[in-house]
Structure formats: structure tokens, C-alpha cells
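Below is one structure, written out as C-alpha cells, with a few remarks after it.
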Amino acid sequence: MSSNYTHWFIRARLKTRQLLLLMALEEEGNIHRAAQVLNMTQPAASKLLKELEDMLGVPLFDRLPRGMRATWYGETMIRHARMALASLSQAHDEIEALKSGRFGQVSIGSITAPGLNLMPTAVAQVKQQHPSLRVQLAIETSDVLMERLAQGKLDMVVGRLFERHDKSALRYEAIVEEPVSAVVRPGHPLLANTRLSLRDVVGSGWIVPPPGSVLRHRFELMFQEEGLESPSNLIETTALLFVTKMLQGSDLLAVIATDVARYYAQHGMVAILPIALPCKMDAFGLITRTDRLLSPAAKVMLRALKAAALTVYGTELDLAGLE
């Protein structure tokens, strides 16, 4: 018999309701409430869980006086249950789209700078070729995007890979390094000085990313390398709407990606300070999963992103398998 028909989950007759139960137990922490959410009796839910634990030969949850907590085995199964159910949902959405004459849907994630420069070019190309293809775009930090990619909620990401990310099933194609700029409100007194140095701005109030981010670390390091104390008058946020509004009513400075700075400067919301900041962000790139097949719609999006990378940044990415 073909090995395709001898997987453990086929032999064990794994039920979709068992996967749903795992997720409900994680969210509710209580088998009674999990059973209610799934519209089943508590004995039925307990039986489903016991059958799953018996077939795996491990406890998936610790039974506590006030509920249940996933074991390491349980956390593993919950993670994969999430991915399996997300994939099944996508399969249904794709089939419904095809039945109604649409081309399908694609979910992409991006950090802010390529979200402003790369994504509009790529998405416009896709919508021109396939008006009915539904494009879902999330602009978030790399950490959030990588978690969603792992959960199967995104088809691809334009972001950064850090040491803490699990790279075992990822394909990463670098696009470009990201310089950063200091921005202020239009009319800020520092704009009159064309020979600014870090010493001139160390005493200013700054809006910076929160601790733990790469840019924050490099921001502080560039002052220390000049023999200066890092600025102490800080507001910590990554919310660009807040940053631009805060700058307009103050003499604060903010450090943001140069591409983002240019976009807001073009619209008169900020001015770029004439100072060279000797810190830059690591390259961002195009990230996909190697353990999942892309849908036809996702392949269209991927091809458009790679074409846009060449147009916007001059970076040529591999088109193998997309022709």
C-alpha cells in the first residue's frame, strides 16, 4: 500500500473535531467551557481528548484543580492543529472563489518601509492582471509577521529574519538594506544648521523604537561610539501616526526608516534633518515557507513582488518555479 495511506493520523482516524477541541481547550483552559464553545457535551469532549492522547501515547494537558494547561506535547499538537485548520479554511476559500469565477486570495505581510514602497507596486500589478484576486495585506513588525507565517495565516512576508526566529522551514531572499533618518516638524530650528553632528542632537527629545528592537540598539550604539551618552529624553513607540502627530506640535526628533521619512516628507508632514546617521537596519527580504505549496493566487503575488523588487530597489530575485 502507498505510504500516503499509512500516516498515523489516517490509521488513528484523527477527527477535525479533535483539532478544534485542542484549540478550544487552549483558549478556554477548561473542558466544560471548551465543550460549550464546540456545542458538545463535556463527556463527549473528554472522550475525544482521551482518544487523541491514547493514540499519541502522551498526555496533552495537565489536569489542574481549576482547569487544564497544555503540556509540551499539547503545545506541539495545538500549534500543528492551528496550521492544519488554517490550511483547510484556505482550501475552502479557494474552492469557493473558483466556483464563483474569482481567482482566489492571497495573504501577505510586510514591515512598514516596503509596505510603503514595494507593496503598492506589486499589488497594483496583481490587481491589473487579476481584478478578482483578493489581496489581504498586514503591516506589522517582523516578529508578528513571522508568527502569522508559522501559523499559516500569511502566504508570504517581506520582513527581517532574526536569530530568535526558527528558520528550519523558511526560504529567505534578501532585497535591500534599510538606512534610517532623523525627522522633525517642518520649520524646526535645527533645519537651519546644515552641518549637524550627533553632539548637536544628543540633548534633544527623541521618539524612538522600544527597547529590544534592532534600531533602538543601534541608535544608542551610534552615540556611544562617538563618546556621548545616549539621549535620555525619550518617547518609545513604533506607531507612525502618533510619531508624525507628536512631531507636528513639538521640537522632538524621531528616528525612522529613510523610505518612510521620504514618504512623509513628500506630503509635508515631516522634514528630514540634514544629519548622516551612521546606523542602518539589517536587510529585509522576501520570506516564504518551504514546507507548504503556494496556491496559484499566491504564486501570482510572489511573481509580482519579485518584479517590483527589481523596479523599486534594483534587486533581482530568483523566478525559478514561477514561470
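The values are calculated or read from the model by the stated rules, or taken from the named source; none is laboratory data. Remember, it's a predicted structure, so these values are computed and weren't measured experimentally. Cβ placement follows ideal geometry from the backbone for every residue including glycine, while neighbour counts extend to all protein chains displayed.
Brief remarks on what is shown
- Test for D62: is it in a helix (DSSP H, G or I) and either exposed (fewer than 15 other Cβ atoms within 10 Å of the Cβ) or touching a Cys at 6+ places or on another chain (Cβ under 7 Å) (or both): no
- Set side by side, the residues G104, G74, G67 differ, and just one is modelled with pLDDT of 75 or more and surrounded by fewer than 17 Cβ atoms within 10 Å (Cβ to Cβ), which is G67.
- From the options A182, A124, A174, residue that is under 30 Å from L221 (Cα atoms) and either over 18 Å from the mean Cα position of the chain (by Cα) or part of a loop (DSSP other than H, G, I, E, B) (or both): A182
- Qualifying residue in the range 128-135 (condition: under 27 Å from K280 (Cα atoms) and out of contact with any Phe, Trp or Tyr (no Cβ under 7 Å at 6 or more places or on another chain)): no
- Where helices (runs of 4 or more DSSP H) fall wholly inside the range 226-323, the ranges with 2 or more residues that are among the β-branched types (V, I, T) and more than 25 Å from F162 (Cβ to Cβ) are 296-313.
- Selection from the range 240-255 of residues that are at pLDDT below 95 and either among the hydrophobic types (A, V, I, L, M, F, W, C) or crowded, with 21+ Cβ neighbours inside 10 Å (or both): L240, L241
- Of all residues making up the range 253-279, the number that are within 10 Å of P186 (Cβ to Cβ), hydrophobic (A, V, I, L, M, F, W, C) and out of contact with any strand residue (DSSP E or B) (no Cβ under 7 Å at 6 or more places or on another chain): 1
- When R82, R148 are checked against the criterion of being free of Cβ contacts under 8 Å to residues at least 60 places away in the same chain and part of a helix (DSSP H, G or I), a single residue qualifies: R148.
- Within the range 188-243, the set of residues being in contact with a Leu (Cβ under 9 Å, 6 or more places away or on another chain), under 23 Å from A265 (Cβ atoms) and among the small types (G, A, S) comprises S204, G205.
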